[in-house]
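Everything below concerns the one structure shown next.
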Amino acid sequence: MTGEFLKETEVFLLDLDGTVYLDGTPIGKMPSTLQKLRAAGKRLVFLTNNSSRTEEEYRLKLTRMGLFGGGDLVFTSASATVRYLSERYRGARVFLVATAAVMEEFIAAGVNIVGEEPDVCVLAYDTELTFAKIKQLDYFLQRGVPFLATHPDDVCPTSYGSMPDVGSFLAMLGRSSGRTATVIGKPMPLMGEYLSKLTGAPLSKMCMVGDRMHTDIRFANACGMRSVLVLSGETTRESMKNFPDSPDLILEDLNEIDKYPLF
């Protein structure tokens, strides 16, 4: 694990919580570290499976923390799902379970959101979830409507522990409706295809940086891109042994990247 590949990397895909910040606080000297990457000619894409917020909400949050810079991009699993709908379900009637802000983001992107007789159902990370929404979604699923989910994460980390995420909702809906969803976000390679189109860079010139083996590192391995595992979030050196996935480099946190030549 020499880190030589970092010189050839054109685009760094940066996971958020546990990677660049923890509970809304930048990890160490993160603003300075990210600026060094930009100064080395690297492009930064803040990449998250968390589809409870819009791209703009994430840009504002990152800007407040001094982490967002000129030329940086934000891409979420919701963003990827909008692209999937435009390719596979253009003009379709979509029943979307999502926060109000994310629903507005879908509408602004031209997605036809409906409450009845949908052609496809989409489950995002709805932190405003109600039983009425779940009941209606389950009704449509039992009638065979195609089913998409923005990402597969079982839990979302918080300062007081983990709370249920989309993967947990999918398990519940699987029991009630007998249906499984087509998942769009990490670790699915489709997310990588969209990122390559978005940045214009080949997957071989991208590096995924994240703290989760089963999403971040598995995503990189599935897409044929390089990866850096940071131990500032969920994964430890001991727990990483429980996964078949392999990172190209392991750092205590992303700030350690300044030990390696970037150009």
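Quick notes on this structure:
- Some residue of region 182-195 being surrounded by fewer than 20 Cβ atoms within 10 Å (Cβ to Cβ), assigned to a loop (DSSP other than H, G, I, E, B) and touching a strand residue (DSSP E or B) at 6+ places or on another chain (Cβ under 7 Å): no
- Residues of region 8-43 that are in a helix (DSSP H, G or I), more than 20 Å from C223 (Cα to Cα) and either in contact with a helix residue (DSSP H, G or I) (Cβ under 7 Å, 6 or more places away or on another chain) or not hydroxyl-bearing (S, T, Y) (or both): M30, P31, T33, L34, Q35, K36, L37, R38, A39.
- In summary, C121 fulfils each of the numbered conditions (1) surrounded by 14 or more Cβ atoms within 10 Å (Cβ to Cβ); (2) over 24 Å from P187 (Cβ atoms) with the single exception of condition (2).
- Here is the figure for region 196-222: residues that are in contact (Cβ under 8 Å) with a residue 12 or more places away in the chain and in a loop (DSSP other than H, G, I, E, B) total 3.
- For region 125-170, a residue qualifies if it is in contact with a strand residue (DSSP E or B) (Cβ under 8 Å, 6 or more places away or on another chain) and assigned to a loop (DSSP other than H, G, I, E, B), and the qualifying residues are Y125, D126, L129, V145, P146, T150, H151, P152, D154, D165.
- Any hit, region 219-242, residues being farther than 30 Å from G24 by Cβ, surrounded by fewer than 22 Cβ atoms within 10 Å (Cβ to Cβ) and modelled with pLDDT under 95: yes
- In the set (1) within 19 Å of G185 (Cα to Cα); (2) of a type in the set (D, E, K, R); (3) within 16 Å of the chain's Cα centre (by Cα), the condition left unmet by E87 is number (3).
- Residue list for region 243-263, restricted to those being part of a loop (DSSP other than H, G, I, E, B) and surrounded by 13 or more Cβ atoms within 10 Å (Cβ to Cβ): F243, D245, S246, P247, D248, D253, Y260, L262
- Candidates are the residues of region 131-181 that are surrounded by fewer than 17 Cβ atoms within 10 Å (Cβ to Cβ) and aromatic (F, W, Y); the one that is farthest from L96 (Cα to Cα) is Y160.
- Considering only residues in region 34-50 that are over 17 Å from S227 (Cα atoms) and touching a strand residue (DSSP E or B) at 6+ places or on another chain (Cβ under 9 Å), the one that is surrounded by the fewest Cβ atoms within 10 Å (Cβ to Cβ) turns out to be R38.
- Put simply, of G192, G210, G167 the only residue that is in contact with a Cys (Cβ under 8 Å, 6 or more places away or on another chain) and closer than 20 Å to F243 by Cβ is G192.
- All of F95, F68 fail the test of being free of Cβ contacts under 8 Å to residues at least 60 places away in the same chain, in a loop (DSSP other than H, G, I, E, B) and surrounded by 15 or more Cβ atoms within 10 Å (Cβ to Cβ), apart from F68.
The values are calculated or read from the model by the stated rules, or taken from the named source; none is laboratory data. Worth saying up front: this structure is predicted, and the values here are computed from it rather than measured. Using ideal geometry, Cβ is built from the backbone for each residue, glycine included, and neighbour counts are taken over all protein chains shown.
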